[in-house]
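Data block below; observations after.
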Amino acid sequence: MILLADGGSTKVDWCLIDKGELIKQVFTKGANPFFRTREDISEELKNELIPALQGYKIDSVHFFGAGCAFPEKNAIVASAIADNIEACEIE
């Protein structure tokens with residue numbers, strides 16, 4: 001399954017997709033790495049996203065978000081995701 005994220009400064013729309021079909025949609029607070037730390041984003045994912053995705057195997061995460069235009073900022077978001085979702089590809 002693919003976890004697709006459309007992230008802004010105020011909210012992130014997470015869509016779990018399997019074989020082209022929307023399985024689940026979850027909203028969390030924004031994850032703009034110019035305004036939030038890795039730890040802060042990671043804690044949000046741990047408390048709000050991960051419980052909503054229990055029981056699903058995520059193969060890859062595709063995050064498209066505000067503030068993700070520079071490698072060092074991309075790394076903040078990717079690390080926060082990796083803190084919470086193991087053994088998947090993050091783009």
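Taking the square roots of 5 times each eigenvalue of the Cα gyration tensor of region 22-91, largest first, gives ellipsoid semi-axes of 19, 13, 11 Å. Simple rule: put +1 on each Lys or Arg Cβ and -1 on each Asp or Glu Cβ in the chain, find the dipole, and look at Thr28, Ala80, Gly55; the Cα lying farthest toward the positive end is Thr28.
Sparsely packed loop sites in region 1-67 (the trypsin sites (Lys or Arg not before Pro) outside DSSP H, G, I, E and B with at most 13 other Cβ atoms within 10 Å) comprise Lys19, Lys57. Among the protein heavy atoms, those of Ile58 account for about 20 Å² of accessible surface (1.4 Å probe, every chain in place). Full extension of the segment from Glu89 to Phe27, taken as 0.36 nm per residue of separation minus the current Cα-Cα distance, would add 20.2 nm. In this Cβ point-charge picture (+1 for Lys and Arg, -1 for Asp and Glu), the chain has a dipole of about 160 debye about its Cα centre.
Per-residue ellipticity at 222 nm computed for the chain from its helices equals -7000 deg cm²/dmol, with DSSP H segments shorter than 4 residues left out and the rest contributing -39,500 (n - 2.57). For region 1-38, the residues whose backbone nitrogen is under 18 Å from a point 7 Å from the Cα of Gln54, taken along Cα to Cβ, are 24-27.
The values are calculated or read from the model by the stated rules, or taken from the named source; none is laboratory data. Here the structure is a predicted model, which means the values were calculated and not measured. Virtual Cβ from ideal backbone geometry, glycine too; neighbours counted across all protein chains shown. To get the accessible areas, we keep the full protein, side chains included, count just its heavy atoms, and leave off ligands, DNA and RNA. Shrake-Rupley method; radii C 1.70, N 1.55, O 1.52, S 1.80 Å.
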